[in-house]
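Beneath this line is the structure, given in structure tokens, with notes to follow.
Coordinate-derived values only; no laboratory data. Here the structure is a predicted model, which is why all the values come from computation and not from measurement. So basically every Cβ, Gly included, is an ideal-geometry build from the backbone, and we count neighbours across all protein chains shown.
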Amino acid sequence: MLKKIYLALFAVFLLVGCQNADQTRNDQIQVSITISVDHGAEIVVDETVQIDNQAILFDVLDEHYDIEATPDGFITAIEGIEQTDEDFWIYTVNEEDIYVGAKEYQLSDQDHVVFDLQKWE
């Protein structure tokens, strides 16, 4: 009888442990980030990072890269490359222009983010 109780407890712990591992995996997503200059003429960073599900773009950049920003979150430098009066950091996600700041953009699994320093036209 005691053996059956131990076996049942073991089965419960095993199921709970597997469930927690699955939940941890589901709380993480992967996004690819490219940081470039002049419409991709110079690639500074091109990598895939694993992040928390529903992470905000600005927070991911701040955690993984050397960035500078204004107090309201306008990015002025990435990896030591500063914008100028003529060149600005522009970003796209999945090849689409984004019209909100990085502090407002929530990432999704498999997003491809490109930050490119380019002349304002």
Kindly list the residues of segment 77-103 that lie in the label zone of K119, defined by a backbone N under 16 Å from the point 7 Å along the Cα-to-C-beta vector.
84-90
Residue-by-residue Karplus 3J(HN,Hα) for segment 84-89, coefficients 6.51, -1.76, 1.60, Hz, glycine and proline x:
10, 5, 10, 10, 10, 6
What distance in nm separates the two pseudo spin-label positions at Q110 and D38, each 7 Å out from Cα along the beta-carbon direction?
3.4
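For a footprinting-style exposure proxy, rank F88, F115 by other Cβ within 10 Å, fewest first.
F88, F115
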Specify which residue in the list L107, T48, A77 is farthest towards the positive end of the charge dipole of segment 28-119, using unit charges on the beta carbon of Lys, Arg (+1) and Asp, Glu (-1), about the Cα centre.
L107
Suppose we take every Cα in segment 31-121 and form the convex hull; what volume per residue is that in Å³?
94
